[in-house]
1. Picking from 96, 32, 84, which is most flexible by a Gaussian network model of the chain using Cα springs under 10 Å?
2. Note the direction-averaged projected area, equal to a quarter of the hull surface, for the Cα convex hull of the chain, in nm².
3. Can you list, bin by bin at 5 Å, the percent of alpha carbon pairs in segment 60-127, starting at 0?
4. Quickly work out the residue 36-to-residue 14 label distance, labels modelled 7 Å from Cα along the C-beta direction, and quote it in nm with one decimal.
5. Along the three principal axes, how long is segment 103-205 when you take its alpha carbons, biggest first, rounded to the nearest angstrom?
6. GNM, the chain, Cα, under 10 Å: largest mean-square fluctuation among 59, 134, 45?
7. Once you charge only the Cβ atoms, +1 for Lys and Arg and -1 for Asp and Glu, what is the size of the charge dipole of the chain about its Cα centre, to the nearest 20 debye?
8. Please tell me the relative contact order of the chain in percent, rounded to the nearest whole number, where contacts are Cα pairs under 8 Å and at least six residues apart.
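Nothing in this text is a laboratory measurement; each read-out follows from the coordinates by a stated rule. Quick caveat, the model's predicted, so the values are computed rather than measured. For neighbour counting, all protein chains shown are included, and Cβ atoms are generated from backbone atoms with ideal geometry for every residue, glycine included.
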Amino acid sequence: MITPNQQQTRLIKATLFVLALLPLARLVLLGFQDKLSANPIEFITRSSGDWTLYFLCLTLCITPLRQLTGWNWLLKLRRMLGLFTFFYACLHFTTFIWFDHFFDLEAMWKDVLKRPFITVGFSAFVLLIPLAATSTNAMVRRLGRRWHMLHRLIYLIAVLAMLHFWWMRAGKQNFAQPIVVGSILTLLLLCRLVFWWHRRASYAR
């Protein structure tokens, strides 16, 4: 079993933090260089949405990977990955409400109700908010068992995010990336189901 000491764990977390900011740095650099393609708004929207999904997958990877390897120190990375999921989701939503609707809340709400892929994406974003707000150690202690129940919403969020991605790409008949990401999310959720069933069977013995 690999158990890095406290200093090594801090180094891993610091490295992960810097790497997680690279997608944002890339967008900023491309913006200064005027290289955000012919449609900058679509480019930023697509990039921020993609990275939201990637970080969601990485967050959901932690528990199965810990179960399979016994590397309990991986849990120290889960909160950071979850918060970066929320960070890029915020960037994705900000692009939508700012550049697409110029903070016209009425027009945004009509769009949310009118187009299913936006409806499920908006729902996923709203559900992420309480998870990010209760990510601190103080909130974990304060909520107790309710914290675990609340954070199980991540599974529903994963399903809604995948539906958002799939329906968005369906309009362009481009399913390659949704199939890959959807397969990864499905596998991660199935792993959790298998672990849960195994624990339940162990308790029943």
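1. 32
2. Average projection, Cα convex hull of the chain: 14.4 nm².
3. 4, 15, 19, 18, 11, 10, 9, 8, 5, 2
4. Result for the modelled spin labels: 3.2 nm.
5. In descending order, the Cα extents are 53, 34, 18 Å.
6. 134
7. Dipole about the Cα centre, nearest 20: 1180 debye.
8. Relative contact order, the chain: 19 percent.
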